[in-house]
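Down below is the structure, laid out as structure tokens.
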Amino acid sequence: MLAPDDNLLEVENLRVSFGTERGVAKVLDGVNLTIRRGEIMGLVGESGCGKTTLARAILGILPANARHETGSLRFGGEDLLRMPRRRVDDQIRGRRITFIPQDPFASFNPLFRIGSQAREVMKWKSPRRPEHAGRGLFGFFSRYPRARRKADAADAVEMMRTVQIPRADEAFDKLPHEFSGGQRQRLMIALALMPQPDLVIADEPTTALDVTIQAQILKLLKRLVKERGVSVLFTTHDLGTAYEICDRITVMYAGQEVEMAPVDDFFQRPSHPYTVRLLESLPKPGREPREIGGEIPGLVDPPAGCRFHPRCAHATDICHMKRPATTSVSAAHDLRCYHPVGATVPA
Amino acid sequence: MREAPILKADRLSRHFPVRNAFGIRTGAVRALDGVSFEVAPGETLGIVGESGCGKSTLGKALVGIHPLSGGAIVFEGEEISRLSGRERRAVAPRLQYCHQDPGNSLDPRWTVRRSLEEPLIVHTELEAAERVIRIRDLLRQVGLPQTHLDLYPHELSGGQQRRVGLARILALHPRLVVLDEPTSGLDMSVQATVLKLFGELRQAFALTYLFISHDLSVVRMMCDRVAVMYLGRIVEIAPTETLFRAPQHPYTQSLLAAIPDIGGRRVTDTFTLEGEPPDPARLPSGCRFRTRCPRAVAACAETDPALRPLRPDHAAACLLAG
């Protein structure tokens, strides 16, 4: 069923646009990305670069004014964009691709106990659920066999223990507000891992947390996904967080990927001018952060060619005309730039 | 002899009552619990800590947004915490507060021009024409084009809103500005620009900053001295470089260990602090950090350690420090 190579997800030339008052905003404009099995892929970029839209496109939960135009999202060899909607709902989203949201405060239903929300996830998305179980009204009334219900509930409690919720069985009877932000994010991680997914999409899961809690959560998430061989798409605007947890990093700028590299290579040899300037803008002891200058371009009428060229010190005529093709800096380090930083300029 | 402090906080406390379902007081959250420090003119003092440690309450108490439950604030030699009404208003232009979220602190129905003019109308005797000149100057100093005067807050980006917020404060030529989380919610590249602006304005206006932030790398870059808060108390205060190089309080040590260090060892491999801060309405006995402290001993449960100087400019509230 799965492709022979170890790429779990292949995003190819994906374009998503939104109809807005000012025209069509090309939020994703030819994005390419691969995620291997068991890998944590960091998706880094500033607000408006399209990282959340990409995450939502993979989950199939784009807002109603979004239009898929072209491209493909191959997950385990099958194109999610061409898969029947019903199959995505039933077998992919929430089951094989799950989600950890940014804000653990707004993402639980405040009126239901944690246990009931966990059981709801397991009822519909547990790996024990038969593939062709009923849907709609029929599904609503169909049997949830006692044996499966018990096994699912036991799994859920076990998962709460795994994410180090104190007194996990009592936690089932509590309401979301009784937990702190850090604990709620632990619960979110538990819910995301309960269906035993292949891919977890984590959308800035630690931005709402304090730094010591962030360190705890990153440590936990990294350990759990590595133990289970789950792949993660980890979106963040914080390069420090990306350094902590990711195996590879993809940088996005204005709806396109610009650089993709293994984490150590990425921080040792950043090659795209945007990446370099981004790293220079971080506050570091002993030096002033350097600003990038200019503003992030609008997506209704983005610059032609390389979208970074109006802000780039290295830009030449070719940069205005055509988006650079993917070139390799080294084995696994890909780049879209005509004038890579720190490299000899190819003729 | 050091210069006389511009601001002196003396055992500030601010308690919020906790009430039960019948509205009867059952306890208090001590958001500030005996906080004392001094700020020298021209200095930038950083206040760091995690959510709920009282750092925002401290900022708001200093400028009079929160009334104090106890303690005294001396600003430019004048005790201001007991002033009220007209007298307090006379201090306000010199002691300003920069809100955390500039988007929400600007009136959405006011243009930039009107937002900038309001403090001048309230606090100065300037004529309309003079106000216009002052507003144009301000806008230039915070790096915004004159065309932005007629825009509404929603037409500005986060970084630009921050600039308008700053211009509004600088309109009155303050001496001390309390910056409450001035970089939260900004993108990396915008943050760099805004931090640079803070530095330039400090020079241009001879400002003193109280820089409240949870972002330690920003604080390290901006501040001369740093105070670390935990559950309503200052647990350590020292010059920035001393604090980052040789932190003495176990909490400061954990806080520093949690910052990602690009190119260095990964926090996910090395971080050891367990647990979360206790409920501020039910503090543990003795030292407030002992429930999470890796070095806690029996004495920590009995004695509540006071902030004690380890060296002339370095103090920590820990029995084991030094």
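The numbers here are math on the coordinates, done by the rules we state, and not lab data. Only a predicted model underlies this, so the values are computations on that prediction, with no experimental measurement involved. Note: ideal-geometry Cβ built from the backbone for every residue, glycine included; neighbour counts use all protein chains shown.
Structure notes:
- Calculated translational diffusion coefficient of chain B (10 °C, 1.306 mPa s; Stokes-Einstein with Kirkwood radius over alpha-carbon pairs) equals 75 µm²/s.
- DSSP-defined antiparallel bridges as percent of all bridges, segment A:121-276, nearest 5: 55 percent
- Per-bin percent of Cα-Cα distances, segment A:273-347 [10 Å]: 17, 44, 31, 8
- Under the combined filter of DSSP loop state and at most 14 neighbouring Cβ atoms within 10 Å, segment B:17-121 retains these trypsin sites (Lys or Arg not before Pro): B:Arg82, B:Arg109.
- The length gained on full extension between B:Asp107 and B:Arg245, counted as 0.36 nm times the residue separation minus their Cα-Cα distance, comes to 45.4 nm.
- Alpha-carbon Debye profile of segment A:232-282, log10 I(q)/I(0) at 0.21, 0.26, 0.27 Å⁻¹: -0.71, -1.15, -1.24
- Dipole axis of segment B:7-316 (+1 Lys, Arg; -1 Asp, Glu on Cβ), positive-most option in B:Thr193, B:Val297, B:Leu231: B:Val297
- Annotation: amide H of B:Arg14 within the under-5 Å range of B:Ala31, B:Leu32, B:Asp33, B:Gly34, B:Ser69, sequence separation 5 or more or interchain, hydrogens built in the peptide plane.
- Solvent-free Debye scattering, log10 I(q)/I(0), computed from the Cα coordinates of segment B:1-146 at q = 0.09, 0.12 Å⁻¹: -0.40, -0.69
- Bridgeable lysines around A:Lys284 (alpha carbons under 18 Å apart, same-chain partners fewer than 8 residues away excluded): B:Lys196.
- Taken along its principal axes, the alpha carbon cloud of segment A:101-194 reaches lengths of 37, 23, 20 Å, longest axis first.
- For segment A:201-314, the fraction of alpha-carbon pairs lying more than 22 Å apart is 43 percent, rounded to a whole number.
- Take chain B and mark each of the GluC sites (Glu not before Pro) that is in a DSSP loop with at most 13 other Cβ atoms within 10 Å; the longest unmarked stretch, sites excluded, is B:128-273.
- Legend: P(r) of segment B:175-322 from all alpha carbon pair distances, 10 Å bins from 0, whole percents, reading 10, 34, 35, 17, 4, 0.
- Base-10 log of normalised Debye intensity for the protein assembly as shown (one unit scatterer per alpha-carbon) at q = 0.06, 0.07, 0.12 Å⁻¹: -0.39, -0.53, -1.42
- Semi-axis lengths, Å, segment A:20-105, gyration tensor of Cα atoms, sqrt of 5 times eigenvalues: 21, 17, 15
- Working value for chain A: equivalent-ellipsoid semi-axes of 38, 23, 18 Å, each the square root of 5 times a Cα gyration tensor eigenvalue, largest first.
- At most 13 other Cβ within 10 Å, DSSP loop - trypsin sites (Lys or Arg not before Pro), segment A:142-180: A:Arg143, A:Arg167
- Segment A:296-347: trypsin sites (Lys or Arg not before Pro) falling in loop per DSSP and having at most 13 other Cβ within 10 Å: A:Lys322
- Among beta bridges from DSSP that stay inside chain B, the antiparallel ones total about 60%.
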